[in-house]
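Take a look at the structure set out below.
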Amino acid sequence: MDNREYRKAMGKFATGITVVTGEFDGAFQGMTVNAFMSVSLDPRLITISIDERASMYEKLQSHDRFGVSVLSEDQQPFSMIFAKQMEQDRDIPYEYRDGVPVIKDSLVTLSCKIENKVKAGDHMLLIAEVTDVQVKEGDPLLFFNSEYRHIKDK
């Protein structure tokens, strides 16, 4: 199997879209991440997977806190901006929750404290305790078959 076939296979697993954010050197920064999952309820743990080539990889190695924003269906432009699929053409509305920047009006925002780091191939798994959560109503932005999707899509 080649990498293209493997990537195509993984693209058949529908995911939500998150943006992982932090404040680094006094500036708000973020990156789109769809490799996100809940790990445990007690304690409340999540994990994200970060490619070692990602611009925030080194920054997340030297900081112990980050935010996760689960995007709603109307926040697709934010995902595209942080994934570098489009130029930033608007201000990104963010707020601080438990001292961590997150994207305002997201479906869910989580403030997280890194508990463990696990090197896995060309990625780092960051296992983090959730220290704050905010939940809003709405539909999520989805990613399937290398395309953005919405719950109402047929």
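The values are calculated or read from the model by the stated rules, or taken from the named source; none is laboratory data. Since the structure is predicted, the reported quantities are computational estimates derived from the model, not experimental observations. Cβ: placed from backbone, ideal geometry, glycine included. Neighbour counts: every protein chain shown.
What to note about this one:
- Hits in segment 15-26 - residues which are within 20 Å of SER106 (Cα to Cα) and either modelled with pLDDT under 90 or part of a helix (DSSP H, G or I) (or both): none
- Answer from ILE46, ILE127 - the residue that is under 20 Å from LEU142 (Cα atoms) and under 15 Å from the mean Cα position of the chain (by Cα): ILE46
- Of the residues making up segment 97-133, those that are of a type in the set (S, T, N, Q) and surrounded by 16 or more Cβ atoms within 10 Å (Cβ to Cβ) are SER106, THR109, SER111.
- Figure legend. Inter-residue proximity from segment 26-53: first residues more than 15 Å from VAL130 (Cβ to Cβ), second residues acidic (Asp, Glu), beta-carbon distance below 7 Å, spacing 6+ or different chains. Indicated pairs: ASP51/ASP122; GLU52/ASP122.
- Here ILE17 does not qualify as of a type in the set (A, V, I, L, M, F, W, C), over 13 Å from PHE143 (Cα atoms), touching a Leu at 6+ places or on another chain (Cβ under 9 Å) and surrounded by 15 or more Cβ atoms within 10 Å (Cβ to Cβ).
- For segment 60-74, the condition of being surrounded by fewer than 16 Cβ atoms within 10 Å (Cβ to Cβ) and either touching a helix residue (DSSP H, G or I) at 6+ places or on another chain (Cβ under 6 Å) or at positive phi (or both) holds for none of the residues.
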